[in-house]
1. When ranked by the protection proxy of mean other Cβ atoms within 10 Å per residue, highest first, what sequence do the peptides 72-84, 51-63 form?
2. Assuming a ≥ b ≥ c are the square roots of the Cα gyration tensor eigenvalues, decide whether the stretch 15-283 counts as rounded (a/c under 1.5), prolate (otherwise, with a/b larger than b/c) or oblate.
3. Quick one: grab the alpha carbon gyration tensor of the stretch 88-226, order the square roots of its eigenvalues as a ≥ b ≥ c, and give me rounded if a/c is under 1.5, else prolate or oblate depending on whether a/b is larger than b/c.
4. What does the helix-only formula give at 222 nm for the chain: each DSSP H stretch with n ≥ 4 adding -39500 (n - 2.57), the total divided by the residues, and the result rounded to the nearest 500 deg cm²/dmol?
5. Under 28 Å Cα to Cα from residue 120, which lysines show up? Leave out anything in the same chain fewer than 8 places away.
6. Checking the cross-link filter: which lysines have an alpha carbon closer than 19 Å to that of residue 73, excluding same-chain neighbours under 8 positions apart?
7. Estimate the FRET efficiency between residue 171 and residue 195 by the formula 1/(1 + (r/R0)^6), using the beta-carbon distance for r and 25 Å for R0, to the nearest 0.05.
8. Show me 160-169, 115-124 ranked by packing, highest mean number of other Cβ atoms within 10 Å first.
Amino acid sequence: MNPCNLCPRHCGIDRTNGKIGFCQAGNAPRVFRFGPHFGEEPPICGETGSGTVFFSRCTLKCIYCQNSPWSWKGEGKDLSVEELTDIFRSLAVKHKCANWNLVSPTPYLPFIRKAVAPLKDEGVSLPFVYNSSGYEDVNTLKEYRDLCDIALVDLRYSRESTAIEGSSAKDYVKHSRETLRYFWETLGKLNCSKDNPLATRGVICRILVLPGHADEAIENLQWLHDEISNEIHVSVMSQYAPAYIANERAPWNRVLEEEEYDAVVETAEILGFENGWIQSYESRDTSSDLVGENMTEGEGVVRDDK
């Protein structure tokens with residue numbers, strides 16, 4: 001991490017010497033919460049849950065972030081590599097989770113690799129879910145290919161102007177599409193079926209429909225159809241809820257309108273996407289208090305008590 005160029009921002013700072021870049025991640029893996037998680041798509045959760053680790057900090061600054069306490073504000077606890085190893089061991093051995101689910105792991109990839117190395121030597125291993133906003137550097141993904149078996153990746157914007165407004169990422173569209181293409185070429189279609197419902201490899205693309213920008217979700221579905229494949233598993237989501245800074249800015253300060261969502265769903269059907277999930281409009285959550293939803297409390301909670 002000297003210089004740190006893990007994400008597309010290429011800050012180039014020396015994190016080993018106490019300096020911080022855009023994401024503000026330091027020289028230790030900071031974890032907000034971990035535990036079995038049942039709120040992901042069914043092939044990810046299985047019966048025992050996805051072994052999810054929520055890492056603090058993020059390479060984006062989404063104004064509607066529902067995880068702002070740890071994503072923006074950095075709540076959580078800095079851990080040693082050995083402590084992170086213990087978390088992965090607990091998820092695999094004690095909780096018998098279906099996989100290790102890395103949520104926004106990019107700033108901490110070197111630590112994660114070190115943490116799982118002794119477990120592999122012990123014969124403890126699970127598939128990795130790389131749970132990402134899509135804002136990734138493909139060179140980094142290639143370097144840490146061993147930490148991704150299943151890609152659970154967002155495709156949020158089709159226009160850079162919206163990406164700047166919503167997430168302070170002027171090149172989000174370019175990098176997210178390169179990321180989807182790389183994952184598809186590397187991992188391929190999700191390897192689950194009626195007889196084998198738990199995935200161990202493949203790609204899920206999440207389409208979160210944003211208020212006032214449903215046309216961009218439609219454009220992204222068209223891009224997936226034209227440039228990737230309508231065989232890819234897509235997860236079309238209606239669950240947007242105004243949170244954090246978005247409460248002060250239109251159109252981000254409102255819930256999704258039913259007509260907006262219906263247009264996206266209709267497009268998915270017209271384009272022939274048959275693999276994946278479409279949330280019902282009625283299932284959306286109109287509150288912004290979604291922090292830690294569906295996470296197991298107790299010893300799996302990591303907080304900074306200072």
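1. Values: 72-84: 16.9, 51-63: 24.7.
Top of the packing list down: 51-63, 72-84.
2. Cα axes put the stretch 15-283 in the oblate bin.
3. Values: a/c = 2.27, a/b = 1.68, b/c = 1.35.
Since a/c reaches 1.5 and a/b is larger than b/c, the shape of the stretch 88-226 is classed as prolate.
4. Values: 9 runs with 84 residues, N = 306.
Rounded to the nearest 500, the figure is -8000 deg cm²/dmol.
5. Counting by Cα, and skipping residues close in sequence, residue 120 has these lysines nearby: 77, 94, 96, 142, 189.
6. Once the sequence-local lysines are set aside, what remains near residue 73 is 19, 61, 306.
7. Numbers: r = 42 Å, r/R0 = 1.67.
In this case the efficiency is close to 0.05.
8. Values: 160-169: 17.9, 115-124: 14.0.
Ranking the peptides 160-169, 115-124 by packing returns 160-169, 115-124.
Just so you know, all these numbers are worked out from the coordinates, no wet-lab data involved. Quick caveat: nothing in here was measured; it's all calculated off a predicted structure. As a convention, Cβ positions derive from the backbone with ideal geometry for all residues, glycine included, and neighbour counts pool all protein chains shown.
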